Each structure stands twice: as structure tokens, then as C-alpha cells.
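One structure below.
The values are calculated or read from the model by the stated rules, or taken from the named source; none is laboratory data. Computed from a predicted structure; not experimentally measured. Please note: Cβ atoms are built from the backbone with ideal geometry, for glycine as well, and neighbour counts cover all protein chains shown.
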Amino acid sequence: MNEPTDTQRPELPGEDVATRTARMIRVDHAGELAAHRIYQGQLAVLSARGDSEAAALIREMADHETAHLDKFDELVRARHVRPTALRPFWDVAGFGLGVASALLGKNAAMACTAAVEEVIDTHYSAQEKALGKDDPELSDIIAEFRAEECAHRDTALANGAEAAPAYGPLSAAIKTGCRIAIKLSERF
């Protein structure tokens, strides 16, 4: 199990449970939107190239992300959580990352997935720990989605992620971008 890094604090000083859970929902909603858009970008390129095998793997993972996004859309509405003001940016940035990674080839698309999902595993783990028994509904959702995100990471690793050109630097850059996106979406 990954532990939270110093850039992924699950709690802020003096923050009450309602504020903390609203912040979690906001950032998770933004993250699921970005993941949904990454997969859409990858599918656009891989489908245009006729790479049906890679597209089928991505499509299956994309279906999970669509379900995750739908659930967080529902939570945002039901709990009256303000979505991130950066939503238009994550929409475009996610799609762009998906297109760019797929243009580098199937292995780079898988490397992108592995990197993103590794950060999300750590992020969701920290949220589960911070929630404890304060919000069992949200904790259960996060645990379920975390398991699916870990499965996506494992699928990507099993399907060539580490064979991507410049895997180490590519993965590090994507992970850094994800961590920055998390911090920004928590606040804005």
C-alpha cells in the first residue's frame, strides 16, 4: 500500500468533516473527469490507427472511469459540493494527455495509465485513511474505485507500459502533473 506524500495531505488544519469530505469529492470528481478525458483522447488516436487490441483494453478501462465520473457527478449534486473551477482546463488537458500519449504508441498510452493510476492509488488510500468511519458511504465508494484504478494500473503494466520509450521520465512527468492537478483541484 502506498502512503500519502507530503503533497497529498488528506486533512487540512482545523478542517471539519463536512469541509474535508466536500474537498475530497471536488478533487475526485475532477480526477475522474480528467481520467475519462485521457481515455477518450487515447481512444481517438488508437481507433484512428486501427489498433483494435489496445483500443479494446482502453475502452474497458474508460467504461469504469465513466461510471466513476457519473458517481461523482451524483455526489456533487446530492451533497451540494462546488465542482472545481478548473474543470474546463482538466477537460482539455486530460484529452490532450490522452492524445499525446497514444501518438507515442500503445506502450506510451499504457505508461500514461500506469502513472496516473499509481498516483490515484496513493491519493485514494490517503482519503480512505482520513475518512475512517466519518463518512462510510464515501469511504466505500473510494475503496471500490481504488480497487478498479489499481486493476487499471496492473492491466497497463501487463500490456507494455514499461516498454514505452523513455518510460521513467514519461512516468515521472505524468505523476508530477497528476499531483499538481490534485492540489489545484482541492483548492479551486
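In the set (1) part of a helix (DSSP H, G or I); (2) touching a His at 6+ places or on another chain (Cβ under 8 Å), VAL81 fails one condition alone, (1). Checked against the criterion of being touching a Ser or Thr at 6+ places or on another chain (Cβ under 7 Å) and buried (at least 20 other Cβ atoms within 10 Å of the Cβ), the candidates HIS36, HIS123 yield just one match: HIS36.
Table: residues versus (1) among the acidic types (Asp, Glu); (2) at pLDDT 95 or above.
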site	(1), (2)
PRO165	no, no
THR176	no, yes
ALA181	no, no
GLU186	yes, no
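Pairing residues of region 131-143 that are closer than 16 Å to ALA78 by Cβ and part of a loop (DSSP other than H, G, I, E, B) with residues that are at pLDDT below 90 and aliphatic (A, V, I, L, M), at Cβ distances under 8 Å and at least 6 apart in sequence or on separate chains, gives ASP135/VAL17. When HIS80 is tested against (1) on the phi > 0 side of the Ramachandran plot; (2) in contact with a helix residue (DSSP H, G or I) (Cβ under 6 Å, 6 or more places away or on another chain), just one condition goes unmet, and that condition is (2).
I'm checking my understanding of the structure. Among residues of region 39-57 that are farther than 20 Å from HIS68 by Cα and not charged (D, E, K, R), which one is surrounded by the fewest Cβ atoms within 10 Å (Cβ to Cβ)? This residue is GLY50.
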